[in-house]
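J.: Quick one: structure below, then a few questions.
Derivation of every value follows stated rules applied to the coordinates shown; laboratory data play no part. On a predicted model such as this, the values are computed, not experimentally measured, just so you know. Note that we place each Cβ from the backbone using ideal geometry, even for glycine, and neighbour counts take in every protein chain shown.
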Amino acid sequence: MPLVAAVQLNGSADLERNWSQVAGLVRAAARAGATLIATPEATDYLGPHDQKAALAEPITGPRARRYGALAAELGVHLLVGSVAERGPDGPDGGPPTHSYNTSLLFGPDGRLVAHYRKIHLFDVDLRAQGGVRFLESERTLPGRELVVADTPLGRLGLSVCYDLRFPELYRGLVDRGATILTVPSAFTLMTGKDHWHTLLRARAIECQAHLLAPAQWGPHDDGGLRRSYGHALIIDPWGTVLAECGDGPGFCIAPIDLDKAAQVRAEVPLAKHRVL
């Protein structure tokens with residue numbers, strides 16, 4: 001059975017540090033035999049939010065191209081969980097004030113196979129519970145389209161982090177043929193400890209699909225605003241956790257049964273039973 005890997009990072013505002021960490025872990029996962037490797041949300045930059053738009057590049061830019069070169073070097077499908085994609089120019093043709101939070105899928109030849117712009121933006125205020133106030137929409141534009149992409153392991157349905165709380169998005173991906181769902185994330189410590197495992201297993205069970213959830217972990221150098229929960233996961237279509245990361249950067253890896261989704265969907269035919 002083919003192996004897939006979910007990478008866990010401790011991202012920062014240092015672009016080159018992030019690249020070095022990502023490249024090392026992706027190469028290690030490939031050496032372990034993974035043919036589909038996924039990295040978390042904010043793979044390229046996780047620092048002060050107000051600087052992200054200025055650092056953002058087009059998805060054909062040099063930072064994106066070196067992820068493609070890495071996929072080609074290793075001969076793997078590489079899902080870069082998300083990068084800051086350059087948004088439209090600001091007023092009067094000035095520099096962009098917003099970026100997109102965009103997931104990039106590269107093929108084994110290094111070409112960009114698909115890209116997905118995060119639809120649901122993380123605008124929350126958890127200060128009353130000892131958490132953070134974070135308004136992603138202040139500097140990020142939402143995407144509008146669901147995205148699926150064919151791979152030898154099955155059709156991937158792409159999403160990013162906060163999308164996880166909206167099951168209708170995943171139902172739309174399954175309706176478009178997805179058998180593997182990707183949820184690259186930077187879940188906060190507070191929400192992650194209570195919701196991460198429950199939501200991911202629920203999406204896998206109700207969609208009857210494999211789920212690949214790379215994650216950010218630990219404190220980030222964004223002025224103490226965020227600490228990520230980690231626990232990158234790989235889950236099968238029955239909701240069984242196949243692999244999970246502990247604390248710290250690393251990756252988890254697991255074989256996936258390419259027939260499992262069809263088997264589970266035949267045994268419990270949810271698609272036939274849907275009424276609404």
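J.: Within the stretch 105-144, restricting attention to residues that are assigned to a loop (DSSP other than H, G, I, E, B) and of a type in the set (D, E, K, R), which residue is farthest from D163 (Cα to Cα)?
T.: Quick first cut of the stretch 105-144, residues assigned to a loop (DSSP other than H, G, I, E, B) only: 107-111, 118-122, 126, 130-132, 139, 142-144.
In the following step, the residues that additionally are of a type in the set (D, E, K, R) were identified as 109, 111, 118, 139, 144.
Details: D109: 29, R111: 26, K118: 7, R139: 17, R144: 12 Å.
Ranking the qualifying residues of the stretch 105-144, first place goes to D109.
Residue by residue, here is whether (1) in a loop (DSSP other than H, G, I, E, B); (2) among the hydrophobic types (A, V, I, L, M, F, W, C); (3) surrounded by 24 or more Cβ atoms within 10 Å (Cβ to Cβ) holds:
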{"residue": "G157", "(1), (2), (3)": "no, no, yes"}
{"residue": "Y170", "(1), (2), (3)": "no, no, yes"}
{"residue": "G177", "(1), (2), (3)": "yes, no, no"}
{"residue": "L181", "(1), (2), (3)": "no, yes, yes"}
{"residue": "G192", "(1), (2), (3)": "no, no, no"}
{"residue": "L212", "(1), (2), (3)": "no, yes, yes"}
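J.: Continuing with the same structure: Output yes when any residue across the stretch 198-210 is hydrophobic (A, V, I, L, M, F, W, C), under 17 Å from Q8 (Cβ atoms) and out of contact with any His (no Cβ under 6 Å at 6 or more places or on another chain), and no when none is.
T.: Yes, that holds for at least one residue.
J.: Which condition number does T198 fail, the rest of (1) touching a residue at least 12 places away in the same chain (Cβ under 8 Å); (2) surrounded by fewer than 17 Cβ atoms within 10 Å (Cβ to Cβ) being met?
T.: (1)
J.: State all residues of the stretch 50-101 that are under 16 Å from E138 (Cα atoms) and among the basic types (K, R); if no residue qualifies, say none. Lay out the reasoning, then the answer.
T.: Quick first cut of the stretch 50-101, residues under 16 Å from E138 (Cα atoms) only: 50-56, 84-91, 95-101.
Across the stretch 50-101, the qualifying residues are K52, R86.
J.: Would you pick out the residues in the stretch 214-244 that are out of contact with any Ser or Thr (no Cβ under 9 Å at 6 or more places or on another chain), assigned to a loop (DSSP other than H, G, I, E, B) and either acidic (D, E) or surrounded by fewer than 19 Cβ atoms within 10 Å (Cβ to Cβ) (or both)?
T.: Once the filter is applied, which keeps residues that are out of contact with any Ser or Thr (no Cβ under 9 Å at 6 or more places or on another chain), assigned to a loop (DSSP other than H, G, I, E, B) and either acidic (D, E) or surrounded by fewer than 19 Cβ atoms within 10 Å (Cβ to Cβ) (or both), the stretch 214-244 yields G223, G224, L225, D236, W238, G239, T240.
J.: For R203, all conditions in the list (1) under 19 Å from A5 (Cβ atoms); (2) touching a helix residue (DSSP H, G or I) at 6+ places or on another chain (Cβ under 8 Å) hold save one; what is the number of the exception?
T.: All conditions are met except number (1).
J.: A further question on this structure: Examine the stretch 166-183 for a residue that is of a type in the set (A, V, I, L, M) and under 26 Å from E16 (Cα atoms), and state whether such a residue exists.
T.: Yes, the stretch 166-183 contains at least one residue that is of a type in the set (A, V, I, L, M) and under 26 Å from E16 (Cα atoms).
J.: Filter the stretch 159-168 for residues that are buried (at least 19 other Cβ atoms within 10 Å of the Cβ) and without any contact (Cβ under 8 Å) to a residue 60 or more places away in the chain and give the result.
T.: Selection gives S159, Y162, D163, L164.
J.: So which residues in the stretch 125-137 are closer than 27 Å to A178 by Cβ and either free of Cβ contacts under 8 Å to residues at least 12 places away in the same chain or buried (at least 16 other Cβ atoms within 10 Å of the Cβ) (or both)? Quick ask: steps written out before the conclusion?
T.: Taking the stretch 125-137 and keeping what is closer than 27 Å to A178 by Cβ, we get 136-137.
Result: E136, single match.
J.: Name, by its number, the condition in (1) free of Cβ contacts under 8 Å to residues at least 60 places away in the same chain; (2) at positive phi; (3) surrounded by 20 or more Cβ atoms within 10 Å (Cβ to Cβ) that does not hold for D92.
T.: Condition (3) is where D92 drops out.
J.: In the set T182, T140, which member is among the β-branched types (V, I, T), more than 17 Å from A84 (Cβ to Cβ) and touching a residue at least 60 places away in the same chain (Cβ under 8 Å)?
T.: Result: T182 is the single residue among T182, T140 that is among the β-branched types (V, I, T), more than 17 Å from A84 (Cβ to Cβ) and touching a residue at least 60 places away in the same chain (Cβ under 8 Å).
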